[in-house]
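K.L.:
Have a look at the structure that comes next, please.
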């Protein structure tokens, strides 16, 4: 699931419901039309190791690129790699010249989960350390998204979702983006503020007294804010092939960096891709 969420990518916006990664990189023309796209390609990405549980981490990795988004009469599905918001299923219920309001029925992102059916109090120290290394899981949330457009180059988006799959808590974000074109090169910049509830931080980064070991001492984080900046560029190689590159850095809050699982103060991500757009 982690790899799948990393390899998804984005193309110019052609529908009304739109993740900000699509809107800011491709403009907002024709955002009220039904339609969609599918895209295949190859990419290479580089990301620093942030968490001790990333046992198979590699700094640079190639990946298959699979992407798509589609809307029909307000119903939409989005799979967008350069988005920070995972996969979205929802309904666009209101539009004006400058605003778009969406109901997010399912927002899917990667997460961590402890092995099910295990009582940590019955484990010895070594077994609890193994237990705390966790397993890949998924966050499935529902909520609301509001997008504000200024002309063809500025986009603001606010979203809030709450997990209903495993009661992992609330995520929210506010992002402001700008795009501009120089000859055939389309550049974009995006600034982000993200909120995580105490419940979510405890699920992802906390250690209870029953789980605690010498390696992973007890830790109970509160709610937190993190901040990020992204820069990207896209270039049409031909009518159907597109080259894209982007760099993003997210500064993590103390609630995350103080966790015994944490290994870095920031997340640094670079991606370059060539894809065919159907």
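What follows is calculated from the coordinates using simple rules that are stated; it is not laboratory data. The structure presented is a predicted model; accordingly, all values stated were derived computationally and were not measured. As a convention, Cβ positions derive from the backbone with ideal geometry for all residues, glycine included, and neighbour counts pool all protein chains shown.
K.L.:
How many nm is it between the label spots at residue 198 and residue 38, if each spot is 7 Å from the Cα in line with the beta carbon?
P.N.:
4.7 nm
K.L.:
Determine the gain in length on full extension of the stretch residue 241-residue 113; use 0.36 nm per residue of separation and subtract their C-alpha separation, reporting nm with one decimal. Show your work: numbers first, answer last.
P.N.:
Values: separation 128, 0.36 × 128 = 46.08 nm, distance 3.87 nm.
Fully extending the segment from residue 241 to residue 113 adds 42.2 nm.
K.L.:
Here are some values of Rg/Rh (Cα atoms, Kirkwood Rh): (1) 0.93; (2) 1.78; (3) 0.99. Which one was computed from this structure?
P.N.:
Checked against the structure: label (3).
K.L.:
Between residue 124 and residue 229, 0.36 nm times their residue separation minus their Cα-Cα distance comes to what? Kindly include the intermediate steps, with their values, before the conclusion.
P.N.:
Details: separation 105, 0.36 × 105 = 37.80 nm, distance 4.28 nm.
Taking 0.36 nm per residue and subtracting the Cα distance, the gain is 33.5 nm.
K.L.:
Assuming R0 = 41 Å, can you tell me the calculated FRET efficiency for the pair residue 258 and residue 66, based on Cβ-Cβ distance, to the nearest 0.05?
P.N.:
Working: r = 36 Å, r/R0 = 0.89.
Calculated value: 0.70.
K.L.:
Now a separate question. Distance from a point 7 Å along Cα→Cβ of residue 144 to each backbone N in segment 163-189: keep the residues under 14 Å and list them by number.
P.N.:
What the label zone holds, given the 14 Å backbone N cut-off, is 172-173.
K.L.:
Quick one: 248, 53, fewest Cβ neighbours within 10 Å first, how do they rank? Show your work: numbers first, answer last.
P.N.:
On the way: 248 19, 53 15.
The most exposed by this proxy come first: 53, 248.
K.L.:
For the residue pair residue 185 and residue 52, what label-to-label distance in nm results when each label sits 7 Å from Cα along the Cα-to-beta-carbon direction?
P.N.:
4.3 nm
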